[in-house]
Amino acid sequence: MSCKVIALFNNKGGVSKTTTCFNLGWKLAELGKKVILVDADPQCNLSGLTLESESEDLISETYQSFESVNLYSSLLPAMKSTGTKIEAPDLPSVAGNDDLLLLPGNVKLAEVETQLATAMSVGGMLPAMQNVPGSFKTLYGLLADKYDTDYILIDMSPSLGALNQVNFLNADYFIVPVIPDIFSVMAIKSLSTAIPSWLDWARKVNQLGMFNDPDLLYKFEPTNPKFLGTVIQRYRLRNGMPSRSFEQYFHYLDEAVDSIFIPEMRKNKLIPDRIADKPSASMRLAEIPDFNSLIASSQAARKPVYTLSDNELKIGGAALHTQKQKIEQFRSIFTDFAHNVIDLTS
């Protein structure tokens, strides 16, 4: 199987994109896949979650050891027109999972956002920036070849900026994490407009031949990434089911996805043929209830919730028994989630 690039994207923040990216990537690696996590968010939450350190005070020190190994520094030859070629860096593996690698982020990606936004106006692309949009795919391809990678998961920031636009148009698939609230419903409607506008931009720049210069090192050839589905998460359970208030927003999300999002994605040929006629409830890749207190243990251990040991939970008695049951539930959820992704991308 050739490497598949999957973007996890929603322009609404607080929907656990980073946590989902980390947990899904780990599970795919457990199932025998070679996976690279890419932190494309200037906030660098995935890097902070993933990089191992002895204490919270040492996170910055740990990161400094990868200062020259991050998304920003890897793209510098294209961004600064240095005349050197992009190379695949030596990536750190995630502690506890040798088949899971990380390309850390960098806060300087925010500068790239500004440069790209200025440069990518149709008809106004600065020659010095013409190599940048295509450099992302080049880098991902080099990493895939170097590490014989099956999946690259891109953790994108919650925005509709140029950096996300380029990463989205360089992906093969995308997943939309949501939570059951009114703002996620609004975000689904917003994405139904924003994503087609990105595709329109890609068509226009191709028609204008903005990236056809034979001297370009990294030609930008935008893709039509396929929508794999949504992930609904961070909701509370009551008697094993979403509580009534959350269940109501499950319905509202389904309605927005069915009546607005999927028709727009279908119109733009972003729905895989095998799931084109499925109702939105069937396009949920996973339903992940709130981790509650387990998230703190997961973050402290820098490992997924479903891999936590008894010692890492630091509790005993009946409380430990309850938490272990929840851990088994999350293990089952993420195993099914990963298998869904593998099946849909095979």
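The values are calculated or read from the model by the stated rules, or taken from the named source; none is laboratory data. Everything quoted here is computed from the prediction, not taken from an experiment. Here Cβ is always computed from backbone atoms with ideal geometry, including for glycine, and neighbour counts include all displayed protein chains. The protein model used for the area step is the full one, side chains on, heavy atoms only, and it has no ligands, DNA or RNA in it. Shrake-Rupley method; radii C 1.70, N 1.55, O 1.52, S 1.80 Å.
For residues that are within 30 Å of I260 (Cβ to Cβ) and either at pLDDT 90 or above or not aromatic (F, W, Y) (or both), scanning just region 211-224, find the one that is most open to solvent (accessible area, probe 1.4 Å). Among those residues, the one meeting the criterion is E221. Close Cβ contacts (under 7 Å, 6 or more residues apart or on different chains) running from residues in region 70-95 that are at negative phi and free of Cβ contacts under 8 Å to residues at least 12 places away in the same chain to residues that are among the hydrophobic types (A, V, I, L, M, F, W, C) and open to solvent by 20 Å² or more (accessible area, probe 1.4 Å) comprise T82/L76.
Scanning region 305-331 for residues that are open to solvent by less than 60 Å² (accessible area, probe 1.4 Å), closer than 21 Å to G96 by Cα and not aliphatic (A, V, I, L, M) yields Y306, T307, S309, E312, F330. Applying the condition of being more than 20 Å from L294 (Cβ to Cβ) and of a type in the set (S, T, N, Q) to region 1-19 and asking which residue is surrounded by the most Cβ atoms within 10 Å (Cβ to Cβ) yields N10. Helices (runs of 4 or more DSSP H) fully within region 102-210 that include at least 1 residues being open to solvent by 30 Å² or more (accessible area, probe 1.4 Å) and within 19 Å of P42 (Cα to Cα): 109-119, 132-147. Confirm whether F246 is surrounded by 14 or more Cβ atoms within 10 Å (Cβ to Cβ), modelled with pLDDT under 85 and either small (G, A, S) or part of a helix (DSSP H, G or I) (or both). Answer is yes for this residue. Of all the residues that make up region 20-42, how many are in contact with a helix residue (DSSP H, G or I) (Cβ under 9 Å, 6 or more places away or on another chain) and open to solvent by 30 Å² or more (accessible area, probe 1.4 Å)? Total satisfying the criteria: 4.
Within region 255-273, can one find any residue that is open to solvent by 30 Å² or more (accessible area, probe 1.4 Å), modelled with pLDDT under 85 and not aromatic (F, W, Y)? Yes, region 255-273 contains at least one residue that is open to solvent by 30 Å² or more (accessible area, probe 1.4 Å), modelled with pLDDT under 85 and not aromatic (F, W, Y).
Sub-6 Å Cβ pairs linking a first residue in region 327-346 that is farther than 14 Å from P289 by Cα and modelled with pLDDT of 90 or more to a second residue that is hydrophobic (A, V, I, L, M, F, W, C) and outside any helix (DSSP H, G or I), at least 6 apart or interchain, are A338/L31; N340/L285; L344/L228, ordered by first then second residue. Inside region 290-304, can you point out the residues that are within 23 Å of the chain's Cα centre (by Cα), of a type outside the set (A, V, I, L, M) and open to solvent by 50 Å² or more (accessible area, probe 1.4 Å)? Listed by number, the residues that qualify are D290, N292, Q299.
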